[in-house]
Amino acid sequence: MSDGSSLRNPFPHRRNPHTTEAAGLHRAWLERHPLLHADGAVGHDGYAHWEVVDLAALGYPDAGPEELALAADLMGFYFLFDDQFDGPLGRRPAEVAVICDRLAAVLHGAKPDPHSPAETAFADLWERSVVGMPARWRARAAYNWEWYFASHPAEAAGRISERPPDRDGYLALRRGTAAMETIFDMIERLGRFQVPLAAHHHPVLRQLRQLAADIPSLSNDVRSYPKEAPTGDVNNLVMIVQREHGCSAEAACALVTAEAQLMIGRCTELVTQLPETYLVLGLSPAERALAHRYAEGLTDWLAGYLHWEARTGRYRVA
């Protein structure tokens, strides 16, 4: 079956030199917050094949050792938190909502349940993430985390709905559950800088950010289709395209891959527009450097994720 490995990506991937040190810190974090031992969670051996630290190293190639460890801990949390909904719990939206509401409350000062590895792990991640960051960044990051958590009850409801999602509904949900905005917030946090407001919300950078978020989702849907189709998970663009076109899974995978390839082409066009964008906004040289650093962070993440996804054991069918 066709997969995301056929994507041609012009952005080079780079690997952080502090991977070994970060891996040791990440193992220690997992021992303090035993998400791997939660019901239904993968064991240590399986988790090792996901190469979570390598994803962080490829996604944030310039982070220091402790910052890279924080990124690895975040990656581990995303995967392990999401995976708990692959079983029966993921078809009980009311229960999922309670879990996610408690996690969202941590963003606003609620104490985590000491008996909940998910709550204690997230409280630790949030406390470390906000250190030294200005109020505007913290507000944006909190909103993006709320969006991520609040999307899981809707995803659970979709699994038991008799109405399959259409493309627009899929995108609205996927952009929440993929957590990409929280991942992109960490470009600033790990680099200890903040994008100028005018640049962050300019259409060119907004489009680049959205594409850098959507391309991994499309590629991931193609790779995870063989695992998700047998379980009845409907939130996959391959399945939607298959219904839209009345075609085979193979043909639908090819169409989704081609769509992702067009998105990559659009990314390259937007990157060439950035210098003019900074100029017309009247950014100072220092502000241009910050905006450019953020844009590079987006393409670093995209290139790193695609390289990691092609090699990780997370999406291989046993």
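The tail of the calculated P(r) for the chain, taken as Cα-Cα distances beyond 25 Å, holds 51 percent of the pairs.
Would you mind counting up the charge near Pro61? Only other residues with Cβ under 14 Å from its Cβ, with Lys and Arg at +1 and Asp and Glu at -1. Cβ neighbours under 14 Å give a net charge of -2. Of the accessible area of the chain, computed with a 1.4 Å probe over protein heavy atoms only, carbon and sulfur atoms account for 56 percent. Computed with a 1.4 Å probe over protein heavy atoms only, the accessible surface of the stretch 192-295 comes to 43 Å² per residue. Set the Cα radius of gyration of the stretch 51-181 against 2.2 N^0.38 Å, with N its number of residues, and you get 1.10. Largest accessible area first, the residues Trp126, Trp308 order themselves as Trp126, Trp308 under a 1.4 Å probe with ligands, DNA and RNA left out.
Which net charge results for the neighbourhood of Arg14, defined as the other residues with beta-carbon distances under 13 angstrom from its beta-carbon, given Lys and Arg at +1 and Asp and Glu at -1? Net of charged neighbours comes to -3. Per the Kirkwood formula applied to alpha carbons, the stretch 132-225 shows a radius of gyration over Rh ratio, Rg over Rh, of 1.02. Counting Lys and Arg as +1 and Asp and Glu as -1 over every other residue whose Cβ lies under 11 Å from the Cβ of Pro93, the net charge comes to +1. Rg and Dmax of the stretch 53-92, both derived from C-alpha coordinates alone, stand at 13.3, 41 Å. Rg/Rh, computed from the Cα trace of the stretch 183-318 with Rh as the Kirkwood radius, has the value 1.07.
The gain in end-to-end length when the Arg128 to Glu276 segment is fully stretched comes to 49.7 nm, 0.36 nm per residue minus the alpha carbon separation. Once the C-beta distance of Arg167 and Glu31 is scaled by a Förster radius of 51 Å, the resulting FRET efficiency is 0.75 to the nearest 0.05.
Relative contact order, whole percent, for the chain stands at 27, derived from Cα pairs under 8 Å and 6 or more residues apart. Of the trypsin sites (Lys or Arg not before Pro) found in the stretch 151-242, those in coil by DSSP whose Cβ has at most 15 other Cβ atoms within 10 Å are Arg192.
The values are calculated or read from the model by the stated rules, or taken from the named source; none is laboratory data. Keep in mind the model is a prediction, meaning the values are calculated, not measured. Cβ: placed from backbone, ideal geometry, glycine included. Neighbour counts: every protein chain shown. Note: areas computed on protein heavy atoms with side chains; ligands, DNA, RNA excluded. Shrake-Rupley method; radii C 1.70, N 1.55, O 1.52, S 1.80 Å.
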